[in-house]
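First the structure, in the form of structure tokens, and then the observations on it.
What follows draws every value from the coordinates through simple rules; no lab data is involved. Quantities reported herein were computed from a predicted structural model and do not represent experimental measurements. Cβ placement follows ideal geometry from the backbone for every residue including glycine, while neighbour counts extend to all protein chains displayed.
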Amino acid sequence: MPTEQQQHSVETQPINASGTGISPPARSSLGEGGPEDFLSLRDILIMILRHRRAIFLFVLLATLAAGIFFITRPRQYEAEGYLQVIPPVSLEGRVDKELFETIIASHLQKASSAYIARNVVALLNNQGVQIAPLELEKQIKITRPPKTDLIRLIAEATSADKALLIVRLWVREYLASIQKNNIYAALSQNRLLLKQAQSDLMEKQATADKMRAQVAQSSPLITLSRAVDDRQIWSDLTQKAAPDPEALKKLSAIHIKGQEQSEEYINLKMSMLTTEQALSAILARRNLYQEVELILEAKMALNGSFIEGKLAPTNAAPSAAELYVNTLMKSSEIVQFGEPGLISATRGALKKTGLFFIASLGLACFCAFMCEWGKGLLSSR
């Protein structure tokens, strides 16, 4: 920074009026490090004002041209639509904020993908609106309003109907792509569940076969042999003075045989029934997952659409499998919020013209200063 004495020495230098250049800048005699050149603000203003007429004409013509251009330019209409991201809620009712922010960021990237733009362009071309994918990507803006769970889509076009059509088709195609992606995710998850069900089925089947073998080897009845237990007869025999030994021997040899159910057999049978019930439940679950897999594969073959009655019947109840698939498809983490609408947007010609006026004035002043500076350098040689 120059000292006050240096600035005073520069500001008191008279401007060389001869020619178009300025006199060589003052040399400071205070420092010992060599000459230093300085220009005051007054010198710069004088250099610029020498071209005030050219600056005025340039700024006036440029501003008029810009104003005419912005006024005659076709009005741009804007339409907006919203998508709402459903926050993930745990069983305790808590929301994982970090996961929620990740989900929103993922949806912002997916919604801005060229894949969606290509599909929307194909639909627009079918409706008579010719547009390139790159041009369409420039006409739509996808943002997230701060601290919200919404994703905002704004489309700009020369007509209101076209702007609304772009937003509607974009929202529809994005939700369709999410549903199609849900089919792949549900199919992958269902195959994992099917694999686990088949593993459990094999385990329960082996246990059930083992229980059946044990039950087959066990007898449901057991034979019991009991001696005569009649206290009156024994009492009469013992009260006699001389009981007959042969009679007592024959009486003691008499046994009554009978059959009863085996507790071991009953326990094995109950365990086998419990195992068979679990086996039936796993078998039903396996069949359900197989039916769901068929439905999801059919939906993938139909590009995400579902035509009722086109699936081959299987052992599992189709209604239960279809209900399960519909539940999976409806469990989406993003939905459409309201309907797209127009935004009351003006041309903004006055604002744009004012900005262009400031920019052209700055450019003209800079060019005038550089012109005078160059002339001064040439005249000093």
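Couple of notes before you dig in:
- Coupling constants for the range 165-174 follow from the phi torsions by the Karplus curve (6.51 cos²θ - 1.76 cosθ + 1.60, θ = phi - 60°), and in residue order they are 5, 4, 5, 4, 5, 5, 5, 5, 5, 5 Hz; glycine and proline get x.
- Per residue, the Cα convex hull of the range 35-82 amounts to 156 Å³.
- J(HN,Hα) series, the range 74-82, from Karplus relation 6.51 cos²θ - 1.76 cosθ + 1.60, nearest Hz, glycine and proline x: x, 5, 9, 9, 10, 10, 10, x, 10
- FRET efficiency, residue 108 to residue 188 (Cβ-Cβ, R0 30 Å, nearest 0.05): 0.80
- Bins of 10 Å from zero: percent of alpha-carbon pairs in the range 61-200: 10, 29, 27, 18, 10, 4, 1, 1, 0
- Local electrostatic count at residue 140 - Lys and Arg +1, Asp and Glu -1, tallied over other residues with Cβ under 11 Å: -2
- Nonlocal amide H pairs with residue 144, under 5 Å, H built at 1.01 Å: 152
- Taken one residue at a time, the phi angles of the range 349-357 give Karplus couplings (6.51, -1.76, 1.60, θ = phi - 60°) of 5, 5, 5, 5, 5, x, 5, 5, 4 Hz. Gly and Pro are set to x.
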